[in-house]
Amino acid sequence: MNATTKYAVVVFVFALALRLSMLSFTLPKLRPDVDLDSYRSLGRSLAAGKGFVAPSPDGRELPNVGRTPTYPLFLACLIRIGGDRLGLFLAVQCVLGALTAGLTVVLAARWLRPQISLLAGLLVAVDPNSVMRCADLRTETSFTLLLVSGACFVAWWPGRKSSWFAAGLVWSLAALDRPIALWIWVVVVVVIGMRRRSRLDRMGCLAMFLAGYCPLLGIWVGRNYAVTGCDFVSSISTYNLLMYRAAGVEAQVEGRQLEDVKREFRARYGDVQYVEDRARFQQSLAVSQRAAIAKLCSSPVALAEQTVLGWGKLLFGPGVRALGYSLGQSEPPSRWWPPLYSLALLAVVLLSVVGARRLGRESILPALLLLYFVALAGGPESNSRFRVPVTPMLAVLAVAGAYGPEKKR
């Protein structure tokens, strides 16, 4: 066992112990029937063989085209193995979160000495937001593991076409976990274009990536086309564009509450996450897209302000209500630790900028992944939950900024 592997195992064990300790304290406070974003309902339906259906807001069980299949399939497998138990789901998520911390060591060791890469893994292991989100029955923990796994393939074996295929396959599962990763191929194109290889070699690497990336996404697009008559991976982008970005702009311009505007929009345009009738869905989708774009174009200053505010919440938000929707009863947030945590996050972000400069071209992969997810996650819907996937990249770059570009080849 080499030094990197040994440190990765140490970080995994430590991170797992920390997360399981958190879960033992938190689980009794959680609602046992928690079903955030309908993921648990979709898992139940898949486990029962009923397909990708879930209760709509009016209680009818309808095909869902807003969510994607990776996380519901994960829950369905756990239900078939151990039953529909919240403690089981969250315990396995703690394992996934600990694996992410261990893989962060492996990723950092591509550019840094093993002893230094250990610190990057420890940052992820002890990050309060990453720890608490393991008790959140949503996609962030599983998505982050898939993202870091693909990054390890690209970082460690960039000259092997098989590694690009593996990264494409893993990142297609990530895109089917959270559709925000759907355009991650743009990052891949830039990373491949920066390599000092022949044009033929670079084209071969890109082709292998797409060979791994496209098939699963194509299958899911085919499913959605069969259900709706429209070819898309998920309708959640349209839903968020209307119900958060456009609704947020309207709420700011008119001085109203966001939730009030969302209720009005839902009554006016419908919910494009569920399909009752193909023709009605197609009309609702088209009208929602046009309405959202028109509203955003009418108030570019408000849109820019909310986007920047969303970036701030993503990068520096302490997440004092991380489990607010899951708790059986609300608890008052702590007063002393959120400001300290936000200051620590500010230091990490500043160090990551220094680290990117010190690593130079070597930082292109973690830096681009970081910028990609931060750029796309701005807006009224953004919060500390969306920082979980970029925390490993921040940790790698911040440690490089603190200790210099000592590389491990």
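Comparing M243, M22, M194 in a Gaussian network model of the chain where C-alpha atoms under 10 Å apart are linked, the largest mean-square fluctuation is found at M194.
Net charge within 12 Å of V92 by Cβ-Cβ distance, Lys/Arg positive one each and Asp/Glu negative one each, not counting V92 itself? Could the numbers behind the result be given before it?
Working: positive: R19, R85; negative: none.
That sum, taken over residues with Cβ under 12 Å, equals +2.
Specify the angular offset, from 0 to 90 degrees and rounded to the nearest 10, of the alpha carbon long axis of helix 161-175 from the longest principal axis of the alpha carbons in the chain. So the helix axis and the longest Cα principal axis differ by about 40 degrees.
On a C-alpha basis, how far is the centre of region 165-237 from the centre of region 29-108 in Å? Whole number, if you could? With region 165-237 and region 29-108 each reduced to a Cα centre, they are spaced 23 Å. Packing, as the average of other Cβ atoms within 10 Å across residues, places the peptides 196-203, 124-131 in the order 124-131, 196-203, highest first.
Relative to the present Cα-Cα distance, how much length would full extension add between D260 and R335 at 0.36 nm per residue of separation?
Working: separation 75, 0.36 × 75 = 27.00 nm, distance 2.89 nm.
Stretched out fully, the D260 to R335 stretch lengthens by 24.1 nm.
Mean residue ellipticity at 222 nm, helices only, the chain: -21500 deg cm²/dmol; runs of at least 4 DSSP H residues each add -39,500 (n - 2.57), and the sum is divided by the number of residues. For the pair V10 and E305, the difference between a 0.36 nm per residue extended length and the Cα-Cα distance amounts to 101.9 nm.
This ranking places V13, V154, V349 by how few other beta-carbon atoms lie within 10 Å of each, fewest first, which gives V13, V349, V154.
Once both labels are positioned 7 Å from their Cα atoms along Cα-to-Cβ, the gap between A286 and A48 label points is 3.5 nm. Given their separation in residues at 0.36 nm each and the Cα-Cα distance between them, R223 and L350 gain 41.3 nm when the chain is fully extended. Once the Cβ-Cβ distance of L343 and R321 is raised to the sixth power relative to R0 = 25 Å, the FRET efficiency obtained is 0.85.
Between the listed residues A47, N2, N224, the Cα displaced farthest toward the positive end of the dipole of the chain, a dipole computed from Cβ unit charges relative to the Cα centre, is found at N2.
Taking the Cβ of each residue in L371, L112, L73 as the centre, tally the other Cβ atoms inside 10 Å and list the residues starting with the fewest. Working shown, then result.
Working: L371 14, L112 27, L73 18.
Taking fewest neighbouring Cβ atoms as first place, the list is L371, L73, L112.
Its Cα centre serving as origin, the chain has a Cβ charge dipole (Lys and Arg +1, Asp and Glu -1) of approximately 1320 debye.
Straight-line cross-link reach from K50 at under 12 Å between alpha-carbon atoms covers these aspartates and glutamates, not counting any fewer than eight positions away in the same chain: E61.
A short reminder: the numbers here are calculations on the coordinates, not readings from a lab. Since we're looking at a predicted model, the values are computed, not measured. Neighbour counts are summed over all protein chains in view; Cβ atoms, including those assigned to glycine, are modelled from backbone coordinates with ideal geometry.
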